[in-house]
Each structure stands twice: as structure tokens, then as C-alpha cells.
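Below is one structure, written out as C-alpha cells, with a few remarks after it.
Taken together, the values in this text are just the output of simple stated rules run on the coordinates, not laboratory data. Please read these numbers as outputs of a predicted model, since none were measured by experiment. Ideal geometry is used to build each Cβ from the backbone, glycine not excepted, and the neighbour counts take in all protein chains shown.
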Amino acid sequence: MIYYENRSVGGKLRISMLFLIFFSIWPVMASKSEAADTGFEEPGQFKASAILKPELLKGKYHTVTEQVINDGLFNHYTVESRFGTFRANSTNSLKILIHEINAIAAMKQVRSDDTVVSSLKQSGENTVTGVKNLINDPQGTVEGAVSGVGSLFNRAKETVGKRKPTGAEDSRFEQLVGVSKVKGEIATRYGVNMYSRNPKLQEELDRLAQADYLGGLGVGVATSVVPGVGGLVLSTSGTTRLLNEAINTTPASELWLQNKNKLLSMGMNTDTVELCLNNPSFSPVLTTVLVTALESMKEVDNRELFIKVALQASTSDMAKTITEIAVMSAGYHKEIAPLKGFEPMARVTLGIRKDMTRVVLLPIDYLIWDKRVAEIVTAVTDESKGKGFELWALGILSKQSTSEFQKLGWKIYTGVGPRLMLAQ
């Protein structure tokens, strides 16, 4: 996930060890004496100019600082921009962030003050009346909702006491009166995710949404200046190919119910499903991408394991990683070889092919060979002797890590985004 710092205003062994790798806070640098004594690698640093393409390194509105911290799995970037300082905790997140920065710049070119005042004088009466009716007669207003949304409100009643809005959503009032709908439409025009946790992007989306809702502000004219493809959920290209439009234009309550019904149709436990869907670490976007990936893997055993894993996500970073593993699994199942099922591997999953080959899919940037990785890989190999082993990674492995995996009989595939993340 992306973290933002705005300065513009001022076996048991295998299970326990993999838990440490993915979801503990790793030290930035390991002890040098330990590295010297054991021969294992330690987390370190890279130069952004050495690992990033020029268009990612610097653009009209952003510059990635030279120091990049690697924690043994992911690269952590700092991005300076006209709108503040941002941090991205993976290369995938960096791509999304850069597109968001370009979108913010484009949005700021659209004025909303004078335009709104002028528009309100001409066409704001109906809007004001609508808000007044909502306040004075909320029951009547909801039941007589505008054409096409009546069923959504009926369905929304089913979630009372069950669905809990996430921190990435607008307030219930904004969703109810229609501001969120306008916001979703504007986000789609700019090719961004309306549930983004980028506070600067949310400020601009809210500004334009409120202006458009109150005064009929037309914002489409400025969207052509946003460079890049954008518009996709996990990165500039995502496995399930879910366009933001499909999610931005669907109320969060409706997405919740759609996802619930899809999971239940897969035979999953109702309580487990609802607990997962109410995990605040998952935004409506991540949940929908996760469910869609699982839905695409028909006849694959134990898909519910992903939902159980998702229950344990306590941060948006964890939620994004779990979702990306599901997305990669769906891509592998369709484009590489059919999967038979999944096995638990700490708080992540291990795919099993029909020929019983074990497949590990990781959305990492750069994997080093340290003591923890060595113990996990050895344990997994020992527990399934006689079987094939594959590691598929979005990023790359260190030379030592690649060598050690191969010594244990693993086949290594790196830079697999084009093969797995474009699957339909």
C-alpha cells in the first residue's frame, strides 16, 4: 500500500517463520556481525536511478529521491512533489502513486469557486430542495429514490448491523445524498481509485465532487491532461483487469453485497465471509479485486483459505499483499497451469498444481537470502520431498538467493508481471 507524509503544509517452523517474513516489522539493516558469521545476506539500499525507468524516476510533478530502502522483500521509496512528500512501500505502489500525483495536478487546474457560485444561481434550486427533503423526510426520500437506485437502497437495508464502512469510504451522509456517486464518476474520468488512501487525492476529489454536486461543475474538459494509462486497480495493469469505473460507479454497500453473495456461492462459511468483508484494512477496491480473483479460479479447492488469511490483515499493506497473491494465483491458474488447490503457509498461501508441484507466488520487489528465508525454503522442501517446487516473483531475487533456491531444486521465475498480471 502507499503511505503518505504531507510536508506541503508544514510444518510449525515454516508457518512461524513465514509469518515473520511477511508481516513483522523488519529491521532496515541486519547486524553486520551476524552476516559475517553466517554468510547470509542482509537488507540494504539501492539507488533509485539504478533500478527505475526514467519516467518513474522523475516527471513533471514528481521526483523519486535517490535512496531506496529494501527490507528483504519490498523497496521503500520517497517521492517529492509539488503537493507534498509521499512514500510508497513497493514498486507497484510507486506506479499508482505517480499516476495519482499527475491526476492531482490535472484536478488543480479546474476551478470550483466562481463556477459553483454561478451555477448555483442558475441550477442549484433542485439540489437544495433535494437535500432539504432528505433532512425533513428521510424515509420518503429514500423510498422514492431516483430511478435505478431504488434496489440499491433496498439491498442496503440488508446490511444494517452487518456491513461496516471502511476508513477509505466517504461518510454515510455523503453516500446517501449522492456526493459519493459524483465523486466516483469524477475519479473514473481521471483514471484513479475513489477509495485511495492518498489524502491529497481525496482533497481534490472531494472538492470537485462537492462543486459538481452543488452546481453542475463540468470537469471532463481537464482530464485529457492526465498522462499514462491509469484507471486500473492494483497497478497500471492488473490481473483481473477491473477498471476503476466498475468499482467507482457502484455504491460500497452494493459492492459489499455482491462480494458476499459471490463468496457464499463458492460454498464459504457465512460468518467467515462477513468478518472478512468487514475487515477495515480492506478497502472496497481490494475486497472486490480479491473476490473476483477467487471467483475466476473455479473448481480450485480451498479458495476459502484466502478469506481466512484476509481476516488476519491488520494493515492496508497486508491487505494489498494478500490481494496481489490472489491476483497472481488467478493469473497462474489461467495462463501457466491449472491449480488443484491451496495449502496454508502462515498468513499466506501455497498453490498446488494438479501434478502436485508446489507453487509460491510473491509480489516482492527484491528477495534476499537471509536466515529466515533459508529456514522456510528448507522446511517447505523437506516437507514435500519428491515434488516439484516453483517460485514466481513480480520482482527479482539476489544472486545468492537464486543460487540457494536452485540448489534445493526450485525453479525460479522473476519479473512475472506481464505473464500473470495481464491474465483475463
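Net length available on complete extension from Leu408 to Gln67 is 119.4 nm, with 0.36 nm assigned per residue and the Cα-Cα distance removed.
Residue by residue, the stretch 45-61 carries 3J(HN,Hα) couplings of 9, 10, 9, 4, 5, 8, 10, 10, 5, x, 5, 7, 4, 8, x, 4, 10 Hz when phi is fed to the Karplus relation 6.51 cos²θ - 1.76 cosθ + 1.60 (θ = phi - 60°); x denotes Gly or Pro.
Taking 0.36 nm per residue of separation and subtracting the Cα-Cα distance, what length does fully extending Met266 through Lys60 add?
Gain in length upon complete extension: 69.5 nm.
Our coupling estimate for the stretch 179-194, obtained by passing each phi through the Karplus curve with A = 6.51, B = -1.76, C = 1.60 and θ = phi - 60°, is 4, 5, 5, 5, 4, x, 5, 5, 4, 5, 4, 8, x, 10, 8, 5 Hz, Gly and Pro reported as x. Once Rg and the Kirkwood radius are both taken over the C-alpha atoms of the stretch 289-424, their ratio Rg/Rh works out to 0.94. Annotation: amide H of Asp365 within the under-5 Å range of Phe74, Asn75, sequence separation 5 or more or interchain, hydrogens built in the peptide plane. Available extension along the chain between Glu80 and Glu299 is 74.2 nm, counting 0.36 nm per residue and deducting the alpha carbon span. For Asp370, the residues whose amide H sits under 5 Å from its own are Glu41, ignoring neighbours fewer than 5 places away on the same chain, with H placed 1.01 Å from N. Site pair Lys399 and Lys371 shows an inter-label distance of 2.5 nm when each label is modelled 7 Å from Cα along Cα→Cβ. A cut-off of 5 Å between modelled amide H atoms, ignoring neighbours fewer than 5 places along the same chain, links Arg87 with Tyr3, Tyr4, Glu5, Val79. With R₀ set to 56 Å, the beta-carbon distance separating Thr378 from Glu203 gives a calculated FRET efficiency near 0.70.
Could you sort out which of Lys298/Lys320; Lys95/Lys320; Lys320/Lys387; Lys354/Lys387; Lys298/Lys340; Lys260/Lys340 sit more than 18 Å apart by Cα distance in this structure?
Among Lys298/Lys320; Lys95/Lys320; Lys320/Lys387; Lys354/Lys387; Lys298/Lys340; Lys260/Lys340, the Cα-Cα distance tops 18 Å for Lys298/Lys320; Lys320/Lys387; Lys260/Lys340.
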